[in-house]
1. What's the extension gain from Gln19 to Leu242 if we count 0.36 nm per residue and subtract their Cα-Cα distance?
2. Taking each pair of distinct Cα atoms in the stretch 366-417 once, what is the resulting Kirkwood hydrodynamic radius in Å?
3. Calculated FRET efficiency, Lys371 and Asn307, Cβ-Cβ r, R0 35 Å, to nearest 0.05?
4. Loop-only check: which trypsin sites (Lys or Arg not before Pro) in the stretch 1-68 are DSSP coil with at most 14 other Cβ within 10 angstrom?
5. So what is the 222 nm mean residue ellipticity for the chain from helices alone, if each DSSP H run of at least 4 adds -39500 (n - 2.57) and you divide by all residues, rounding to the nearest 500 deg cm²/dmol?
6. Could you work out how much longer the chain between Ser293 and Asn476 gets when fully extended? Use 0.36 nm per residue separation minus the Cα distance between them, nm to one decimal.
7. Short version: ³J(HN,Hα) in whole Hz for each residue of the stretch 71-82, in order, from phi by Karplus 6.51 cos²θ - 1.76 cosθ + 1.60 (θ = phi - 60°), x for Gly and Pro, what are they?
8. When all C-alpha to C-alpha distances in the chain are sorted into bins of 10 Å, what percent of pairs does each bin hold, rounded to whole numbers?
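Throughout, read-outs are computed from the coordinates displayed, never taken from laboratory work. These numbers were taken from a predicted model, which means no experiment stands behind them. Every residue, glycine among them, receives a Cβ derived from its backbone with ideal geometry; neighbour counts consider all protein chains shown.
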Amino acid sequence: MLNFFPIHIDKKSKSPIYQQLGDALHDLIEQEILKPNMKLPPIRTFAEHLKINNVTVVNAYKYLENKGVVYSQMGSGTYVSPLPIKETPSSIFLEQLDSNEKDLTTPEQNTINFVTLSPPTDLFPVDDFKALFNTVLERDKGNAFNYQESQGYLPLRESVCDYLHHYGIQTSPDKIQIISGAQQGIDILSKALLRYGDILFVESPTYHGAIAAFQSRGGRIIEIPIEKDGMDLKVLENYMKLYHPKFIYVMTYFQNPTGISYSVDKKRALLNLAEQYDTYIIEDDYLSDFTYSSRPIVSLKALDHRNRVIYIKSFSKILMPGLRLGFLVLPKSILQSVLSAKHTSDISTSGIIQRTFDLYLRSDLWKKHSKDMQNIYKDRYACLLTEIENLLLEYVSYIPPEGGLSIWLQLKDHYSIEEICNRLLSYGVIVSPGSLFSFNTSTLPYIRISFATVDNEHIKKGIQIFYDVLKEYQENNKKGLSH
Ligand SMILES: Cc1ncc(COP(=O)(O)O)c(C=O)c1O
C-alpha cells in the first residue's frame, strides 16, 4: 500500500516535515485515493518508508485529526474520516439530481419511464376531489381560502390521528404538524434541528432529495450501509460512539432505493441505540401503503415508547403528488422549533387542500382508492418480477421487496452503469442509476427500476429492451469492444 502513495517530502523546505506529510495525505484524501474509513499506515512502518522520525508521522496524523480529516481509534490506528471534506452542498451531487429531475418531468413521448415513483395521472381520483372541493366551498365559503393555522387544520389533525390509530400509532392532534409534502417535512426538520456543520446519519444508499435537503442546511452526512433487514447496526454503533448525530434518517418500509424493509428486531435495536446515545430517528414513511404480502406494517413510530421517533407521512405516492400534502408526528421536545420552522417556510399548507383532504380521509372513498391502487401495483409488481426472472437473471441479482414501487437491481461489478443507462435511453427506456442515491460513491453497480407509471405491456417491452442491451453489452465486452 505504501508504494502507491505519491508523497514527496522536501527536507530543505521551510515548512515543517509533519505539515508537508499532512498536506500530502490531505490531498490524497481529497482526491479519494485514500477513501473514507481506510486505515492510514502504521506509524513506525510509514516513518521507515519515508525515512523520517516516528514523531513526525504522529504529528502529521494529529495535524489531520485537528482538521477533522482523519480520526483515531485507541489501540487500532488512524483512519480516514467518513465525512465529506469538500464544502457542502456537493455541487456535483446537485447537478446529477437536477438532470435526473429533468428526465422525470419532461420525459420524451413514447419513453418507458422506469424512473418516477409517482402514480400516472389517469389513476388520480379527480372526480372524488372535484365533488369534495365543492362541498368544502359551499360549507366554508371564503374561509377555505384564508390563512390556515400553521400547525394545520384541526379537524384534519384529528382525522389523521384516527387514520394512524389503524397503524398502531397512538398520538394526539397537538403532536401533528401538517406539511406541504414529505420533502417539506424533511426540510423543515433540517431547519429546526441542524446547525451548520452538525452531523447526521443516513442509510447508504438513500433518497437523494433528503441528502440535498440536509446538505442545504449545512448538515454533514455519514452514510451507514444497509443490509437486507435494515441498517448495519455494528457500523451504526461504532459511529454513534465517535460522533453525536443530531438524528438518523431512515425508511423502515420499502426503502428508497433498495426496497429493503426493517425486521422487528432491527427496529427495536435502532430505538434502543437512539435512547442510549440520546438522538432522534426520522422515519420517512413515503410508501408503506403498498405492501404485497400479508406481513402487517409496524412502523418504528408504533414501537416508540420513549419519544425518539419523528414520523413523516406522505400521500404523494398513494394519492396525488400535486396535492403537496403530508404530516409529521413530533416528540413534544421539538414541537416548538418545528412549528416555527414551518411558519417561516410557508406560513401554512393550503387550507382548501387540507379541508378537502380531511373529508376524503373521513369518507370510505379513501379506503376504496387505497385498495384499488394496491391491486394495480401488486399486479405490476408481479409482472415485473416475472419478466426479470425470465430474462435478466444471467446479468442481475435482487431481493424481492414484497412491496413498494421499485426493484433495486445489482449488476455485475465490472459493468459500466453509465454506459448501460445511456444505451437504454437511446432505446427510449429511462432508469435510475445507483450513483444517484449516494454522494460518496459514484460507482454503485445498481439500477433502480420503478413501475409506478408503467403498465404491464410496457413493463414487458422495457425489460425485453433491458435484456437486449445487457446481452449486447456483454458480447461487446467479451470481444473487448466496450469501454
Ligand atoms: C423517500 C422519499 N421521501 C420523500 C419524498 C418526497 O415526497 P413528497 O412528494 O411527499 O414531498 C420522496 C419522493 O419521491 C421519497 O422518495
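1. Details: separation 223, 0.36 × 223 = 80.28 nm, distance 2.51 nm.
Going from the current span to full extension adds 77.8 nm.
2. On the way: mean 1/r = 0.0795 Å⁻¹.
With all distinct Cα pairs of the stretch 366-417 included, I get 12.6 Å.
3. Working: r = 33 Å, r/R0 = 0.94.
Working from the Cβ atoms, E equals 0.60.
4. Numbers: sites: Lys11, Lys12, Lys14, Lys39, Arg44, Lys51, Lys62, Lys67; in loops: Lys11, Lys12, Lys14, Lys51, Lys67.
Passing both the DSSP loop test and the Cβ count: Lys11, Lys12, Lys14, Lys51, Lys67.
5. Numbers: 16 runs with 212 residues, N = 483.
After summing the helix terms and dividing by residue count, I get -14000 deg cm²/dmol.
6. Values: separation 183, 0.36 × 183 = 65.88 nm, distance 4.01 nm.
Full-extension gain reported as 61.9 nm.
7. 9, 10, 10, 3, x, 10, x, 10, 10, 5, 5, x
8. In whole percents, the pair-distance histogram is 4, 18, 26, 25, 16, 8, 3, 1, 0.
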